[in-house]
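Down below is the structure, laid out as structure tokens.
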Amino acid sequence: MDYSFAWPEAASEANIVIVLVTIGFIIFWFTGKSETLLNKQVQLHGQDKGQERHVFLKRLTGMATFGLVPALVLMGIMGFSWTDYGVKAQLGTTALYWILGLSTVIIFMTSRSTRAADNLAQYPEIRRLDWTRNLVIWSALSWMGYLVAYELMFRGFLLFSCVRAFGVWPAIIINTSIYALVHVPKNAKEGIGAIPLGLLLCILTLQTGTIWVALIVHWVLSLANEWFSLKHQPDMRVVD
């Protein structure tokens with residue numbers, strides 16, 4: 001059987017986004033796992049401060065590789081607009097109901113799941129024993145900034161470009177599959193849990209036409225996980 005290797009113009013946008021996701025995640029992941037970068041920060045700032053700086057560096061890298069670089073390529077070079085990727089200055093009633101409902105469920109479940117030993121071994125990512133209020137705030141802000149880029153990539157650039165190229169359900173399957181795979185290196189539980197969450201967020205994004213539901217729900221999930229994990233860590237505390 002003969003196959004054509006001609007570049008399909010209709011899928012150009014989606015193909016480029018998939019490449020950007022792949023390269024971006026590789027850079028992000030190895031930045032976060034780099035012992036060389038971690039040791040450099042520890043040498044400059046000491047063990048606790050160095051580990052903290054390395055976490056912030058990883059999140060800043062994610063902001064660049066998931067958000068800034070793709071935005072420059074897709075809108076600065078290819079001429080797409082923010083509205084093409086679900087970034088709109090509107091939040092309808094349906095979206096608001098979903099945000100409130102999902103956030104309530106997430107906070108309730110997270111308050112209990114964060115007690116588990118496997119969660120406390122990983123979260124909060126910053127492993128300082130004494131957290132100042134400034135650290136709590138800056139960690140939250142860095143999480144939020146990182147997740148803006150993260151949701152722009154997954155429920156914005158990747159989802160909408162694949163819908164235009166392949167249709168709704170192929171786009172949802174591609175998105176959810178990649179979303180689950182990038183969670184697998186953390187642990188099996190997060191990889192499996194990313195499947196229903198990713199599926200739901202894709203559907204809600206397409207139904208509402210905006211990434212706001214996915215973004216705000218992800219903010220609630222990550223901040224609740226960090227704050228409850230901090231609360232349940234026996235050796236960690238927030239100090240004045």
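The values are calculated or read from the model by the stated rules, or taken from the named source; none is laboratory data. Small disclaimer: the values here were computed from a predicted structure and weren't measured. Positions of Cβ are generated from backbone atoms using ideal geometry, with glycine treated the same way; all protein chains shown enter the neighbour counts.
Can you confirm whether region 43-53 contains a residue that is over 24 Å from L152 (Cβ atoms), in contact with a helix residue (DSSP H, G or I) (Cβ under 6 Å, 6 or more places away or on another chain) and not basic (K, R)?
For region 43-53, residues over 24 Å from L152 (Cβ atoms), in contact with a helix residue (DSSP H, G or I) (Cβ under 6 Å, 6 or more places away or on another chain) and not basic (K, R): present.
Residue check: is A11 free of Cβ contacts under 8 Å to residues at least 60 places away in the same chain and small (G, A, S)?
When the stated conditions are applied, A11 does not pass them.
Within region 126-162, how many residues are surrounded by fewer than 16 Cβ atoms within 10 Å (Cβ to Cβ) and either acidic (D, E) or touching a Cys at 6+ places or on another chain (Cβ under 6 Å) (or both)?
Counting residues in region 126-162 that are surrounded by fewer than 16 Cβ atoms within 10 Å (Cβ to Cβ) and either acidic (D, E) or touching a Cys at 6+ places or on another chain (Cβ under 6 Å) (or both) gives 1.
Quick one: I126 ticks every box in (1) part of a helix (DSSP H, G or I); (2) at pLDDT 95 or above except a single one, so which number is it?
Here I126 meets the rest and fails (1).
So which of L197, L158, L206, L181 is farther than 27 Å from A121 by Cα and without any contact (Cβ under 8 Å) to a residue 60 or more places away in the chain? Let's see the steps before the verdict.
On the way: L197 fails: farther than 27 Å from A121 by Cα; L158 fails: without any contact (Cβ under 8 Å) to a residue 60 or more places away in the chain; L181 fails: farther than 27 Å from A121 by Cα.
Criteria check complete, one pass: L206.
In region 1-49, what residues are surrounded by fewer than 14 Cβ atoms within 10 Å (Cβ to Cβ), among the aromatic types (F, W, Y) and within 30 Å of T132 (Cα to Cα)?
F30
Among the residues of region 197-213, what is the count of those that are surrounded by fewer than 16 Cβ atoms within 10 Å (Cβ to Cβ) and either among the aliphatic types (A, V, I, L, M) or more than 19 Å from A95 (Cβ to Cβ) (or both)?
1
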